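Quick notes on the structure that follows.
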Amino acid sequence: MKKVIVIGATSGIGRETAKLLLKNGYRVGVTGRRINLLNELQHEFGQLCVAKEMDITHFENTILGLAVLVKELGGLDLLILSSGTGEINQELNFNIEKSTCQTNVMGFTNIVDWTINYFIAQQSGHLVVISSIAGLLGSKDAPAYNASKAYQINYAEAMRQKVRSLKLPISITDIRPGFVNTDMAKGDGKFWVATVEKAGTQIIKAINAKRKVVYVTKRWRLIAIVLRIINR
Ligand SMILES: NC(=O)c1ccc[n+]([C@@H]2O[C@H](COP(=O)([O-])OP(=O)(O)OC[C@H]3O[C@@H](n4cnc5c(N)ncnc54)[C@H](OP(=O)(O)O)[C@@H]3O)[C@@H](O)[C@H]2O)c1
């Protein structure tokens, strides 16, 4: 039975992905700060699901929590990193930018480094990060959010280079959503907003195919191509 950890399974994309894996019989460790929402999943799926309260900006506790989860799950084959935050910040309030960087940059790096080191020692594994199409361009309205997503995209690429150079069968999948109907989808002028169900289904397909980079939903790839041309 495959063992999975989903970081940020209390709501939105992470929760939907965790549910789809649980429905398919995977053993899933679910994390986030809102433990009551994790306990709901545990009640629904019983022993397949292990809940662990985790704030990814508490770096040392996160590593301790991951080690405990892996022990309780009996191993780790796949880790999905969905936790993220971002606010509209037209006032350039540093506290908002700081909080975004602590979660999306420092918290992200802490977990990715731990996971890759774990998979290198194990000589196998699959890391999935949920970045964003927002990482392909800067934003005057949410500077730290878009910049942090560019960092995640670049970091995932760096990890792919690292495992390739070690010639190890470790996969890295970078999921880049457009708009998905969750609390994170902020601001006006949203379009092509996907349901979490549709996003979750496409993410599971991408994981099963061990894809490197995937736009969710698929049509966002067109926007990525346009952005690449504009940015030249
Ligand atoms: N929705 C979109 O349109 C969209 C588009 C592109 C990319 N994304 C990305 O998709 C990912 C998931 O977001 P979502 O759309 O599913 O929104 P969401 O429903 O708000 O989910 C955010 C998740 O991040 C977790 N989280 C936030 N801060 C955390 C912290 N300090 N420690 C641990 N967990 C934390 C939340 O859990 P707790 O609050 O319980 O801790 C929650 O599970 C994010 O990385 C986001 O940037 C979303």
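Readers should treat all values here as calculations from the given coordinates under stated rules, not as data from a laboratory. Quantities reported herein were computed from a predicted structural model and do not represent experimental measurements. Every residue, glycine among them, receives a Cβ derived from its backbone with ideal geometry; neighbour counts consider all protein chains shown.
For the chain, the relative contact order comes to 18 percent (Cα pairs under 8 Å, sequence separation of at least 6).
When Rg and Dmax are taken over the Cα atoms of the chain, they come to 16.8, 51 Å.
Convex hull volume of the C-alpha atoms in region 117-195, normalised per residue: 108 Å³. The ranking of 92, 136 by Cβ neighbour count inside 10 Å, starting from the fewest, reads 92, 136. Between residue 230 and residue 218, the contour length at 0.36 nm per residue exceeds the Cα-Cα span by 2.3 nm.
In plain terms, the residue of 77, 183, 113 with the fewest other Cβ atoms within 10 Å comes first and the most crowded comes last, giving 183, 113, 77.
Counting only the Cα atoms, region 1-106 fills a convex hull of 92 Å³ per residue.
Simple spin-label estimate for residue 53 and residue 164 gives 4.2 nm between the two label positions (7 Å along the Cα-to-Cβ direction from each Cα). Taking 22 Å as the straight-line reach from the Cα of residue 3, the lysines in range (excluding those fewer than 8 positions away in the same chain) are 19, 23, 52, 71, 205, 210, 212. Give the separation of the Cα centroids, region 146-195 to region 39-63, in Å. For region 146-195 versus region 39-63, the Cα centre distance is 22 Å.
Label sites at residue 141 and residue 60, each approximated as a point 7 angstrom past Cα along Cα to Cβ, lie 4.0 nm apart.
Restricting the trypsin sites (Lys or Arg not before Pro) of region 96-193 to loop positions (DSSP other than H, G, I, E, B) with no more than 16 neighbouring Cβ atoms within 10 Å leaves 140, 167, 186, 190. When every Cα-Cα distance of region 90-144 is counted in 5 angstrom steps from zero, the calculated P(r) takes the values 4, 16, 20, 20, 16, 10, 8, 5, 2, 0 percent.
Taking the helices alone, the chain has a mean residue ellipticity at 222 nm of -15000 deg cm²/dmol, built from -39,500 (n - 2.57) per DSSP H run of at least 4 residues and averaged over all its residues.
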